[in-house]
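The values are calculated or read from the model by the stated rules, or taken from the named source; none is laboratory data. These figures come from a predicted structure and were not determined experimentally. All Cβ positions, glycine included, derive from the backbone under ideal geometry; neighbour counts span all protein chains shown. The area values use the complete protein model at the heavy-atom level, side chains included, leaving out ligands, DNA and RNA. Shrake-Rupley method; radii C 1.70, N 1.55, O 1.52, S 1.80 Å.
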Amino acid sequence: MSRENIESRNEPVAGEKLIELRVNSQVYVLRVGRGPGELDPAHTLAFTLRETLGLTGTKVSCDKGACGGCTVLREAEAVLSCMLLTIECGGKEITTIEGLKDAKTGALDPLQQSFIDHSAFQCGYCTPGMIMSSKALLTANPSPAEEEIKEALSGNFCRCISQYQVVEAVKAVSGKKG
Amino acid sequence: MKTFDHYDAHSLDEALGLLANRCGKARINAGGTDLLGLLKDGVLPRYPELIVNIKTIPGLGYIEEDGERLRIGALARLCELAGSKLLRERYAVLCEAAGAVAGPQIRNVATVGGNLCQDVRCWYYRYPAHLGGTMECARKGRGPCFAIKGDNRYHAILGGRKCFAVCPSDLAVAFAALGGQMTIVSPRGERKIAVGDFYSPLGNGLADDEIVKEIDVAKAFGPGRQRFLKFTVRKPIDFAIVSVAAVTEEKNGVFANARIAIGGVAPGPFRAEKAEEKLIGKKPSEALAAEAAEAAVEGARPLSKNGWKIEVAKALITRVIGS
Amino acid sequence: MAQPYRYIGKATPRKDGLDIVTGESRFVDDLKFERLLHGVVVRSPHAHAMIKSIDSAGAKGLEGVRAVLTREDIPDFKYGNPRVFRLLDRKVRYVGDAVALIAAESEQIAREAAGLVAIDYHVLPAVFDDYEAMEPGAPQLYEEFPGNVLPLGDPFLGQKSMVEIRTGDVADGLSEADVIIAGKCGYDNLPNPMPMESPRVVASWGRGVEGRDCVTFWISNQAPYLMKVILGAILGANLDVRVFGGPCGGSFGSKLMSWQPMCYAALLSKNTGRPVKVVYSKEEHLGSFVLRPSSRLDIKVGMKKDGTVTAIAGDWLIGTGCYSQTTQAQVAVGCGEAMIALRCKNWSVKPKIVCTNRTASGIARGFGGQELKCALFPILSRGMEKLQIDPLDFMKKNFIKPGDGYLWRDAQWYDYRGISFTAMMDRGAEVFGWKQKWKGWLTPTSVEGAKRIGIGVGVHGNADVGEDVSEAYVRIDSNGSIVVHSCLQEHGTGQRSNGAKVVAEVLQTPLEWVSMTPADTMVNPFEFGPFGSRGTYVILGAIIRAAEDARSKLFEVAAPMLGCAASELDTADGYIWAKSAPKRRVRWQRALFQRTILGYGRFEPDYSLSNCLMSFVEVEVDTETGNLVLQRVVNATDVGQIIDPQGLAGQLCGCLGTAGIDSAIFEETILDSSTGRILNANMIDYKWRTSSEMPTIDNVVFQTPMPTHRFHAIGVGEIATAPGPSAVLMAASNAIGAWLDSYPVTPCKVLRALGKVGNAGNKQRAHTARKRGAGD
Ligand SMILES: Cc1cc2nc3c(=O)[nH]c(=O)nc-3n(C[C@@H](O)[C@@H](O)[C@H](O)COP(=O)(O)OP(=O)(O)OC[C@H]3O[C@@H](n4cnc5c(N)ncnc54)[C@H](O)[C@@H]3O)c2cc1C
Ligand code: FES
Ligand code: FES
């Protein structure tokens, strides 16, 4: 690798770039830039979802990767939207709490119904994150053991202590009960 | 977070070029789970002008064994390490260390390279800008190390100098026990450095224009017995107060090989060579384990509030070796 | 127990459940506003300093900045108790204290602008320790409070308030004792209630309907009406204050101290003519908002062999940080709660509130009583140990019984009208296995290698279950739908759903017929807010009365139609009939033709009842690493009548977090002793319990009908956190066979108690090691 070779490469120019963000099966095209409505490179996915796309179901609490409140799915995996740059999220399918309902029928995901049935929340602020982490778990492992459920939720803070009811709610919809 | 320019690099060369061009004002983003926290808190003395995404570089996410070496690409994710069958069978400490990092969501994006290069968690160093301003400390090139006179309950008991922050990386400890080495690339070419030698009290051994490409582990001896133990205040979402990775091999009822690394106690993973020496040629027993543990922490020099970490380290080493 | 009710006591879905699980709940930060600006606070780097000058030109010059306000630009707003604490002052009193306010088009811009405000300080010496603050020559925070000591008493509590516990004759009491223990203990690790949603508010200043100035707030809080009262008092009488309370992402009391962010947003809005949102970051939440008060007790206790406490005397020091809003009230309630837990005839406990250069203390679940008791029980334990008294027997004997009484927060004596909780405590002990597990003081239940099991117990009761006033209307519309007007905001207890539930029960309608008004102060009557477990007795009490009132008014209208007296009527599912002739029914709609029925309910305070919660805990302590694992919790309580079993279970499981049991295990605010900075103001370093480390919890719930309202229920949610912390200390001490009396029980403290490391947490030899040149 020679020095000239490296220096001759182009530096990025902001403002020319478009990002195609796929959220809940919808495509949003965002222009990279610093103006209003544009995608600043420093915007996190959580910020874009909430402030630009209006998908406020995703909650931000710590904004530092510690609480799981902002959990969304990236290609079926649970990730923290506060620790991802939107500009790096193009091309991957993102699912938020708003995307769990059946798009056509509007029916709730069984997990959502189970959360209601078990009152698996108190203030409800952690709940979207809890549900998204649970969803990722059940997609990867439809019949988790109780320990696996707890482990999958171990990155999700709940100050009210709804975890006992959350675990019950997840168990109730998992293939292997109990 | 303050704004920056952003570029998706599509090859290592391209990424290196961008780093070199910005003379220290560009920063690599891998999983971002450490970097974004630093940027949001405004902690870095030099806020980057450019963020170079390296996740767009193809072919850096491998975990494979070829002949005599295990090779892991810098972009392999921690969830992949934790779930790897190969690692579980032959490099269990790596698997366990990766699985002990943070929580599931972070492991889904965090990378091996990022884990090894992450910044320290010292609470003085990390004090956020918007809560009255950051704290100018030795690590930032200005001021004292606040930990010396302050609350140093989690700081280094070994090897601190000027700065007493400990290396927060769990993988570094496992790699150190396995004798892993990093391949680092720069415009000047490639170099290799043992993971155990990568860290110093004031930072890691990475120049502004360097990128970690790969970590490899030589099959020095068979998988033997491998164990990783991590002591934290709570299990997930927590950095090690002390962690221990041990790789031992027994032949004819005695220890033939032993490599022990301790995390959370020093600026880097601390190879407990004195403890290793104690073990070689001896029959495993509780008493021997305890003796090795004493030897491991022999040179420890605690600060005002962290002497208890010595006891924790001893207990962990005894357990790792003994049981 | 037989359940005669249609809904009460049965699990019914939360009314807001669907919104919560679909992400459609609109918390403050989720609301959309036209032309919204973002406000941030410029915060002090010094714990104590005079502001010499502020140069905001740089910040004002930044594109997108709409306002920069300093002390000179705003009215001299003051609040707190006493009312001397300024919104922005000449002086800063903790690291993170507000110096200036900024509004900008985006939060990003506002934060950047904050970094451009140049402030010149004259730095003053600071004091962080409560005892040191009272010493002669200590730095003084306020001219008004020489010695840094704040006056006691809270006008909110009425003419008088409890400023000490004084009854009987302490000298007499001590002379009767078989043993006298003098002890000190602190619950001073300042845990943070740390609701998941940080403090936040949107304010919009404008013209009201009649042209009067009006400011509207959208808050995340548990008491919109109270905030209207408080903000009205601060902002001035010529202003209409309207407060909307939507869903609140947790408060645990703390957010009642939101006057500062609310004023920041209001002033920025007034100045810019646009709505302004102020959202505290998690770091600001943990570093500049409300902590639990610190509590240090220095007392003498007289105790008899049979567990009678003959006297308690001494000093209670409460640290409130840089100012107080409710600390005096917490002291008052805490004193009363001590009397409820201990039937002692001779008391003389003198509280003192002191201020220091750290962020303020304020409300946290357990309101004063938890603070006092967590310091008191470890001292009592020493006496019990001397006399070989089982702590369960002690607590059973000493908790309030019918025929007893206590002084409450208003310094009045109340004869206790409630029940005995002894049977419930016995049942809790049985479920926990107390008898089998209790091996005596400082004796582990079992030992396996380095791991030792220990058990402990704590108890708490609160007469604030009947505190303050609530009002409600129940409106039956002409189409038969029912609307409950209550300024009750949902913050997690499910009480808004319970409000609808009790109304459906009284009026015997399907649940879906009943809805609650939004918690908007413009359309709702007075509501103090769900504090101190008052929701079930007081708030539901007012709603029940309003429903009963609506029912009788409905009957009055229907009576002529059915040709009988209103008192003879009954109703269900939208029909009315005479009890004597149930076949002839009139539909509600007929009675309601072109008519609205409005029932009114009011609850007057009642301090003659107490709830009770006993928590049993089992811990495992590793004597080699010092690690403590909470393995099991049994909570025993009597709630009179369960309203909603799932909601109740949630409240009781809440014993762990919110500065509760875990404040004895790992929760603490770590203040740097030289700079006054909070070192763990983030959710990695401030520890909280994760899903993978939940202990087993069993809740034993008795339902002995209480003399409260129609459904005989009493609330217990607020006190869930209170009995546990001291129980953990007891359990840990028993496990390791040595006294632990400092919160939280960190590995370092365990190792120190075991003699494995020296005082500062170092092995004895560490001293010499340091001399050899380490550590600088
Ligand atoms: C809540 C929380 C809990 C955590 N707990 C743990 C824990 O228990 N144990 C633990 O070990 N860590 C923990 N971490 C730290 C976590 O960030 C790392 O474990 C993670 O692996 C970092 O990887 P990343 O790819 O996200 O790094 P990034 O944030 O992308 O990068 C980290 C740093 O390394 C540099 N870098 C990244 N890749 C390279 C490369 N290939 N070459 C050169 N430089 C590079 C970046 O410029 C940056 O400075 C935790 C983090 C959080 C937020
Ligand atoms: S808000 Fe993203 S993890 Fe806390
Ligand atoms: S329900 Fe309140 S934070 Fe989880």
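Classify segment B:224-322 as rounded, prolate or oblate, taking a ≥ b ≥ c as the square roots of the eigenvalues of its Cα gyration tensor: rounded when a/c is under 1.5, otherwise prolate if a/b is larger than b/c and oblate if not. Prolate. Residues whose amide H falls under 5 Å from that of B:E214, counting only those 5 or more places apart or on a different chain, are B:A74, B:T183, with hydrogens built in the peptide plane. If you take the Cα centroid of segment C:102-178 and the Cα centroid of segment B:1-32, the two points sit 48 Å apart. When the label point is put 7 Å from the Cα of C:R584 along its Cα-to-beta-carbon vector, which residues of segment C:541-564 have a backbone N closer than 20 Å? Answer for this model: C:554-564. Rounded to whole numbers, the Karplus 3J(HN,Hα) couplings from phi for segment C:501-510 are 5, 5, 5, 4, 5, 5, 8, 6, 10, x Hz, using 6.51 cos²θ - 1.76 cosθ + 1.60 with θ = phi - 60°, and x at Gly and Pro. The gain in end-to-end length when the C:A738 to C:F33 segment is fully stretched comes to 247.9 nm, 0.36 nm per residue minus the alpha carbon separation. The modelled label-to-label distance for the pair B:K192/C:D73, using points 7 Å beyond Cα in the direction of Cβ, is 6.1 nm.
Using θ = phi - 60° in the Karplus curve 6.51 cos²θ - 1.76 cosθ + 1.60, the 3J(HN,Hα) couplings for segment B:135-151 round to 9, 6, 10, 4, 5, 8, x, 9, x, x, 8, 4, 5, 4, 9, x, 8 Hz; x is entered for Gly and Pro.
Summing Cβ point charges (Lys, Arg +1; Asp, Glu -1) relative to the Cα centre of the protein assembly as shown gives a dipole of roughly 940 debye. Projecting the Cα positions of C:S269, A:V79, C:Q641 onto the charge dipole of the protein assembly as shown (unit charges on Cβ atoms of Lys, Arg, Asp and Glu, taken about the Cα centre) puts C:Q641 furthest along the positive direction. Counting only protein chain heavy atoms and rolling a 1.4 Å probe, the accessible areas of C:H485, C:H460, B:H10, C:H46 rank, largest first, as B:H10, C:H46, C:H485, C:H460. Computed from phi, the 3J(HN,Hα) profile of segment C:710-721 under the Karplus parametrisation 6.51, -1.76, 1.60 (θ = phi - 60°) reads 2, 9, 6, 9, 9, x, 9, x, 4, 8, 4, 7 Hz, with x in place of Gly and Pro. Across peptide C:104-111, the average count of Cβ atoms from other chains found within 10 Å of a residue's Cβ is 3.
Take C:145-156, B:77-88 and order them by the average number of nearby Cβ atoms within 10 Å per residue, most first; the result is B:77-88, C:145-156.
Counting only other chain Cβ atoms within 10 Å of each residue's Cβ, the peptide A:160-171 averages 5. Residues C:C653, C:C564 ordered from highest to lowest accessible area at a 1.4 Å probe: C:C564, C:C653. Each Lys and Arg Cβ is given +1 and each Asp and Glu Cβ -1; about its Cα centre, chain C then shows a dipole of about 560 debye.
Of the trypsin sites (Lys or Arg not before Pro) found in segment C:288-374, those in coil by DSSP whose Cβ has at most 14 other Cβ atoms within 10 Å are C:K305.
Summarised as an ellipsoid, segment A:110-173 has semi-axes of 16, 12, 10 Å, derived from the eigenvalues of the Cα gyration tensor scaled by 5 and square-rooted, with the largest first. In the full protein assembly as shown, how much of A:L84 is accessible to a 1.4 Å probe, in Å² to the nearest 10? Surface open to solvent at A:L84 totals about 10 Å². Annotation for C:D393 and A:Y28: the two label points, set 7 Å from Cα along the Cα-Cβ direction, are 6.7 nm apart. Given R0 = 25 Å, the distance between the Cβ atoms of C:D169 and C:D404 translates into a calculated FRET efficiency of 0.85.
Taking only the alpha carbons of the protein assembly as shown, we obtain Rg and Dmax values of 31.0, 104 Å in that order. When a/c is below 1.5 the answer is rounded, else prolate if a/b is larger than b/c, else oblate, so apply that to chain B with a ≥ b ≥ c taken from the square roots of the Cα gyration tensor eigenvalues. Oblate, since a/c reaches 1.5 and b/c is not below a/b.
Please report the spacing between the Cα centers of segment B:145-182 and segment C:51-83 in Å, no decimals. Going from one Cα centre to the other spans 42 Å.
At a Förster radius of 25 Å, what calculated FRET efficiency corresponds to the Cβ-Cβ distance of C:S674 and C:T696, to the nearest 0.05? After rounding to 0.05, the efficiency reads 0.05.
Take each peptide in B:28-34, A:107-113, C:167-173, count the other Cβ atoms within 10 Å of every residue, and average; sorted highest first, the result is B:28-34, A:107-113, C:167-173.
Sorting B:R225, B:R126 by solvent-accessible area of protein heavy atoms yields B:R225, B:R126, largest first, with a 1.4 Å probe.
Measuring only protein heavy atoms, the 1.4 Å probe finds A:S143 accessible over about 40 Å².
For a modelled paramagnetic label at C:I180, 7 Å from Cα along Cα-to-Cβ, the residues of segment C:302-316 in reach, with backbone nitrogen under 15 Å, are C:302-304, C:310-315. Please work out the C-alpha center-to-center distance from segment A:146-178 to segment C:13-30 and express it in whole Å. A separation of 20 Å, based on Cα centres.
Taking every alpha-carbon pair in segment C:186-274 and binning the separations at 10 Å intervals from zero gives 17, 47, 24, 9, 2, 0 percent. For segment A:78-154, the set of trypsin sites (Lys or Arg not before Pro) satisfying both a DSSP loop assignment and a count of at most 16 other C-beta atoms within 10 Å is given as A:K92, A:K104. Given H placed on each backbone N at 1.01 Å, which residues far from C:D188 in sequence or on other chains put an amide H within less than 5 Å of it? Here C:S295, C:Y743 satisfy the definition. If a spin label sat at a point 7 angstrom from the Cα of B:Y47 along the line to its beta carbon, the backbone N atoms of segment C:60-87 nearer than 18 Å would be those of C:60-66. Between B:P267, B:S285, B:P236, the Cα set farthest toward the positive side of the dipole of segment B:224-322 (charges on each charged residue's Cβ, about the Cα centre) is that of B:P236. In terms of the mean number of neighbouring beta-carbon atoms within 10 Å, the peptides C:22-35, B:39-52 order highest first as B:39-52, C:22-35. Fully extending the segment from B:E277 to B:E298, taken as 0.36 nm per residue of separation minus the present Cα-Cα distance, adds 6.3 nm. About its Cα centre, the dipole of segment B:215-323 is roughly 260 debye, where the only charges are +1 on Lys and Arg Cβ and -1 on Asp and Glu Cβ. Taking every residue in B:120-130 and counting other chain Cβ atoms within 10 Å of its Cβ, the average works out to 5.
Taking only the C-alpha atoms of segment C:27-157, Rg followed by Dmax gives 17.5, 55 Å.
Each 5 Å bin, from zero up to the one with the longest distance, holds this percent of the alpha carbon pairs of segment C:458-539: 3, 15, 24, 23, 17, 9, 4, 2, 1, 0, 0. Checking every one of the trypsin sites (Lys or Arg not before Pro) in segment C:530-592 against DSSP loop status and a limit of 12 other Cβ atoms within 10 Å picks out C:K579. Distances between placed amide hydrogens fall under 5 Å for C:Q631 paired with C:E618, C:V619, C:E620, all partners being 5 or more residues away or on another chain. Legend: residue pairs C:K373/C:K396; C:K300/C:K401; C:K184/C:K687; A:K59/C:K32, Cα-Cα distance threshold 19 Å; pairs beyond threshold, C:K300/C:K401; C:K184/C:K687. Between A:D102 and C:R26, the C-beta separation translates, for a Förster distance of 22 Å, into a calculated FRET efficiency of about 0.45.
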